[in-house]
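First up is the structure itself, then whatever we jot down about it.
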Protein chains: 2
Amino acid sequence: MLDHLGNWSRNHYCGVLREKNIGESVCLMGWVQKERDLGSLIFVDLRDFSGIVQLVFNNDTDSALYEKAQGLRSEFVIAVKGKPRERSNKNPNIPTGNIEVLVDELKILNTSEVPPIYVKDGDNVDETMRLKYRTLDLRKPEMQRNLRLRSKISQLTRNFFIDHNFVEIETPMLTKPTPEGARDYLVPSRINKGKFYALPQSPQLMKQLLMVGGFDRYIQITKCFRDEDLRANRQPEFTQIDMEMSFMSQEEIMDLNEEFIQMLYREIKGVELSSPFKKLPYNEAMDRFGSDKPDLRFAMEIQNISQLVKDSSFKVFSEATKDGKSVRCLLAKGLGKDLSRKKIDKLEDFVKTYGAKGLAWIKINEDGIQSPIAKFLDKELDAIIESLEAEVGDIILIVADEDSTVLAALGALRLHLAREFNLIDENHDEILWITDFPQFEYSQEENRYVAMHHPFTHPLEEDIPKLEENPSEVRAKAYDLVINGDEVGGGSIRINNSDLQEKMFKALGFSKEDAEEKFGFLLDAFKYGAPPHGGIAYGLDRLTMIFTGADNIRDVIAFPKTQSATCLMTGAPVEVSDKQLDELNIEVK
Amino acid sequence: MLDHLGNWSRNHYCGVLREKNIGESVCLMGWVQKERDLGSLIFVDLRDFSGIVQLVFNNDTDSALYEKAQGLRSEFVIAVKGKPRERSNKNPNIPTGNIEVLVDELKILNTSEVPPIYVKDGDNVDETMRLKYRTLDLRKPEMQRNLRLRSKISQLTRNFFIDHNFVEIETPMLTKPTPEGARDYLVPSRINKGKFYALPQSPQLMKQLLMVGGFDRYIQITKCFRDEDLRANRQPEFTQIDMEMSFMSQEEIMDLNEEFIQMLYREIKGVELSSPFKKLPYNEAMDRFGSDKPDLRFAMEIQNISQLVKDSSFKVFSEATKDGKSVRCLLAKGLGKDLSRKKIDKLEDFVKTYGAKGLAWIKINEDGIQSPIAKFLDKELDAIIESLEAEVGDIILIVADEDSTVLAALGALRLHLAREFNLIDENHDEILWITDFPQFEYSQEENRYVAMHHPFTHPLEEDIPKLEENPSEVRAKAYDLVINGDEVGGGSIRINNSDLQEKMFKALGFSKEDAEEKFGFLLDAFKYGAPPHGGIAYGLDRLTMIFTGADNIRDVIAFPKTQSATCLMTGAPVEVSDKQLDELNIEVK
């Protein structure tokens, strides 16, 4: 028979009790973390979200109470009244370790079967078990810390923007399906049979319409949905910090967002970031780091040695210095000894997954140069070494191919080596903006240009004339915020003019009818005085991972889904009744 | 050709300029509200979210600028630089009315076609047009005010709860379908073919699981979804302020929520509500007001006159005083003259829609009693009048029937009369709690008991033994917050024990297998130490209506749907391609 709370009222959290509380009458409630029966004394670690405190039951003082305490097991829910006293055997490992609470009264509010996973950090239990028994997993200090920090980030975010005259506006979850993006999650309509809503991939168009609607500054933290095959750190639903402003230049928007990020670092990490943040145009980022989200916590930049080898008799190199191709390398300082032949072979396999045909290398050993291509290179070898200022112990890793392949391969190899050889300084964060993105990228799959950001991004003014003839050269007023090699936010100035928007749709290969059918409501809204506007959207999950240090997105979400988009706790998704499908006028094939 | 923002930077909002700004250099941006060309002067009202200011263009000073200004039309988007000066013809109707801005420079940032609706309040345009041209509609001062106030309520709410140690946690949008509630919106899964997620009707179970997961105090403002036929003030998606606490009694939860509501009234209306709020048990609310969400801004309580007429020769009355039936009435003070026979007939039609068979009445005129049933009543007539303390000019309106019919009819009639005859004092709000709800209500349709709140509501301890034998007598630890006759929040203490939860499912007619399949994950979680917990959920849309005074839910939502659940702006829902349906493995019948 369980006890009821009755008129007991908790007056302290477990983890905050200190020596100053000695002698007070405390009423605590929480879970039994562990219990030890020493015969005349029972010690119980009582846990709530704030931490743990030791309880003592004394057989000499109250044997009935003692007997009741003997029934306690892990994860029982209890309430106790008692008095903190100094602990004889102090525990310096927990904040409450100088005291313990001598219990006068005990209520057993609930029992527990033997829990299938331990409620403690770092027990290395299989993630499947953690997700299945999520309510136990959530009691762990780490999960409590992560989700509380996430809440703090959300609250700091809203307060910052509201303090800057932003308005929080909720945009619809049941929206119009949008092509030209990821795959939509669809929701069949019962009232409008045969028709479907889509869950929003982002509130992009809605927030633009709010600008057209005169709201000037908008903020929302909201769920977005993309029905894509899930990679490691993706979830079918994710959370976006979404902001948009009217009448502001790209610089003004970026400045305000720098203030926002500075505020988060100040409040959460106690770190004062200097401003302005670094800015790298897209082309430079690709050239130097082979990535539009470079991790700047270590150097090892990509170097272009095409000029040095263009006349080489080594055809692989000289052929690769023609238009659109290049020979580039990484100088891996001091890694010569670490990279055995076998390991280099593995690196070659690695770059091949990025389309490279091979990986050439030059080691500068104490006893001279070692390189399988030395025999093909002559004075070029010295020129390369000199140009890179390579020293004894270094190794040069070279890829020759189409620019895009070379950069993708070396960009990935750079990160791979950094992780493998611990080249990353984890003690500070590197934050930068990537700017001047291409407006379009060519999709081999669709055989047309697609928008690199989205079709609503404003081109640079000076590039607008190239929209029809040279779309590949058009740059966008787009900017991504990158932290430690992760894209945490992306934004742009938006098109606010029907004519330009129609041109953009045309460049993307939409027919006039198609554009009208899909985005007519936007073009219509633009007819009645759309202000200049732009904004940015951050991934809250990503940001939280950075601030918590979590490397698994599921560790910053209360009830996440697996990579097959199922919830192991509830079993969702599930089959539904024919009656439900009938009402929706659909059937499963 | 439009102008670009260039390096212009807005330094003031329109509506905040005052005499103290005279002589400053201001840069303003906004929409042309109206323009008047006087030949040598052009006056333009410039509008942004903060209000309106008058601009002046002077032909004598700068004729090129003047010519440019001649092109301005309603809803053009412009930026101007200029200097505020004292206005000769002051306008006391707007806050900026003492000044005007003499413009030096003008940029036309965007043009506008002639807008199909005016951007001004109270133009009585058809709501269909307002929803179709929502971006114009949103520019209206009233819509700006409503949505900004909504944002403020959200922010005050989060700050209040976060300050009280609550954690904001996001619960999933793609969840397991839940029977035993309203109809779910379903989302077909592409990866798990033939299976479906549901959009949450509320985060009820998830927040309970967060309590089991040790979060202690949870807050979320989140979208909920119910696929029901829409009544006037319903939307397919609506927003809930959702809170839950562990280790707290019903009284402690209600106390904290009173503090919350007091804070909102203080911050938004500047009103200090006295605490504790009124509390009415459900049965008393029904008896006195015929409603579980009584509007207490006026009296006119229902009175039971069964005892006075039980021996009457008027069979309609005497028959109606037997078990489960009654004769009750409203005393409509001073309405005798207003209610002609014809009007009373209409009231009778009205109560018949609530199942009443008729409406008896007694008028106390200056020249005596007037009543079609006077001839059937004798001394009872005097007894009724005396008992009700009816006076000359009053009318008594009587219904005799099953209790539930009598109460429903008179409860509705009470509200109807109050609205028709302006009996409601709109200058103050009446707030109260309804408590001690029945745990179950009998569903004729389903031929079984259903949960009045939901199946997770904890019964009163003393009523638990009646669960099996007398479910209709079991009262719940449930509480609704009612403001001015609107239920704005509802909550309860929850069951936290598998055994009791299973009993509850059984009482609701679930088989063991059924309960396991549908709610097994909850029952499982309860096995490992579920703390006592409870909470409340408020309708943010309703709350915002109360604080803005809006009487249409669509006026407190940026992009609402119509009663047929369509969005007139985007056209959602729409038909989708066969490819999309194929991927989801479903087809439209």
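The values are calculated or read from the model by the stated rules, or taken from the named source; none is laboratory data. Since we're looking at a predicted model, the values are computed, not measured. Here the Cβ is made from the backbone with ideal geometry for all residues, glycine too, and neighbour counts use every protein chain on show. Note: accessible area is taken over every heavy atom of the protein model, side chains too, but ligands, DNA and RNA are not part of it. Shrake-Rupley method; radii C 1.70, N 1.55, O 1.52, S 1.80 Å.
Worth a mention:
- Just one residue in the set B:188, B:177, B:200 is closer than 21 Å to residue A:224 by Cα, modelled with pLDDT under 95 and either assigned by TED's automatic domain parsing to the domain that holds residue B:154 or of a type in the set (Phe, Trp, Tyr) (or both); that residue is B:177.
- Taking segment A:82-120 as the range and being open to solvent by 30 Å² or more (accessible area, probe 1.4 Å), among the aliphatic types (A, V, I, L, M) and within 22 Å of residue A:60 (Cβ to Cβ) as the test, only A:102 passes.
- Residue match in segment A:309-316 (condition: under 26 Å from residue A:434 (Cβ atoms) and assigned by TED's automatic domain parsing to the domain that holds residue A:382): no
- Among residues of segment B:564-582 being surrounded by fewer than 16 Cβ atoms within 10 Å (Cβ to Cβ) and more than 7 Å from chain A (Cβ to nearest Cβ), the one that is nearest to residue A:195 (Cα to Cα) is B:577.
- Filter pass, residue A:407 being surrounded by fewer than 20 Cβ atoms within 10 Å (Cβ to Cβ), among the hydrophobic types (A, V, I, L, M, F, W, C) and out of contact with any Leu (no Cβ under 7 Å at 6 or more places or on another chain): no
- Within segment A:312-330, being of a type in the set (S, T, N, Q) and either at pLDDT 95 or above or open to solvent by less than 70 Å² (accessible area, probe 1.4 Å) (or both) holds for A:312, A:318, A:321, A:326.
- Here is the figure for segment A:418-446: residues that are β-branched (Val, Ile, Thr) and either part of a loop (DSSP other than H, G, I, E, B) or free of Cβ contacts under 8 Å to residues at least 12 places away in the same chain (or both) total 1.
For every residue, the table says whether it meets (1) within 30 Å of residue B:30 (Cβ to Cβ); (2) open to solvent by less than 30 Å² (accessible area, probe 1.4 Å).
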residue: B:122; (1), (2): yes, no
residue: B:146; (1), (2): yes, yes
residue: B:150; (1), (2): yes, yes
residue: B:155; (1), (2): yes, yes
residue: B:193; (1), (2): no, no
residue: B:203; (1), (2): no, yes
residue: B:206; (1), (2): no, yes
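- Segment B:465-485 - residue that is modelled with pLDDT under 95 and open to solvent by 20 Å² or more (accessible area, probe 1.4 Å) and, of those, farthest from residue B:540 (Cα to Cα): B:469
- Yes/no for residue B:309 being more than 17 Å from residue B:364 (Cα to Cα) and either of a type in the set (S, T, N, Q) or crowded, with 19+ Cβ neighbours inside 10 Å (or both): yes
- Cβ pairs under 6 Å, 6+ apart, first in segment B:162-174 and facing chain A (nearest Cβ under 8 Å), second at pLDDT 95 or above and open to solvent by 40 Å² or more (accessible area, probe 1.4 Å): B:167/A:148
- Filter result for residue B:443 (polar (S, T, N, Q) and surrounded by 14 or more Cβ atoms within 10 Å (Cβ to Cβ)): no
- Looking across B:449, B:479, one residue alone is assigned to a strand (DSSP E or B), touching a residue at least 24 places away in the same chain (Cβ under 8 Å), closer than 30 Å to residue B:323 by Cα and touching a Lys or Arg at 6+ places or on another chain (Cβ under 9 Å). It is B:479.
- Verdict on residue B:457 being open to solvent by less than 30 Å² (accessible area, probe 1.4 Å) and under 21 Å from residue B:206 (Cα atoms): yes
- With respect to the stated conditions, residue A:508 fails to be free of Cβ contacts under 8 Å to residues at least 60 places away in the same chain, touching an Asp or Glu at 6+ places or on another chain (Cβ under 9 Å) and more than 8 Å from chain B (Cβ to nearest Cβ).
- Only residues that are part of a helix (DSSP H, G or I), closer than 16 Å to residue B:524 by Cα and open to solvent by 40 Å² or more (accessible area, probe 1.4 Å) were counted across segment A:131-144, and they come to 1.
- Residue in segment A:143-152 that is under 21 Å from the mean Cα position of the chain (by Cα) and hydroxyl-bearing (Ser, Thr, Tyr) present: yes
- Residue among B:589, B:561 that alone is within 10 Å of chain A (Cβ to nearest Cβ) and either surrounded by fewer than 21 Cβ atoms within 10 Å (Cβ to Cβ) or closer than 25 Å to residue B:217 by Cα (or both): B:589
- Flag for residue A:289 being surrounded by 20 or more Cβ atoms within 10 Å (Cβ to Cβ), under 24 Å from residue A:218 (Cα atoms) and of a type in the set (A, V, I, L, M, F, W, C): no
- Selected residue [closer than 27 Å to residue A:223 by Cα, at pLDDT 95 or above and either aromatic (Phe, Trp, Tyr) or open to solvent by 10 Å² or more (accessible area, probe 1.4 Å) (or both)] from B:260, B:247: B:260
- Residue ID - nearest to residue A:358 (Cα to Cα), chosen from residues in segment A:368-403 that are touching a residue at least 40 places away in the same chain (Cβ under 8 Å) and assigned to a helix (DSSP H, G or I): A:403
- Candidates B:333, B:357, B:343: the one that is in contact with an Asp or Glu (Cβ under 6 Å, 6 or more places away or on another chain) and either modelled with pLDDT of 95 or more or under 25 Å from residue B:472 (Cβ atoms) (or both) is B:333.
- Listed here are the strands (runs of 3 or more DSSP E) enclosed by segment A:14-124 that have at least 3 residues being more than 34 Å from the chain's Cα centre (by Cα) and more than 14 Å from chain B (Cβ to nearest Cβ): A:41-48, A:51-58, A:77-86, A:99-110.
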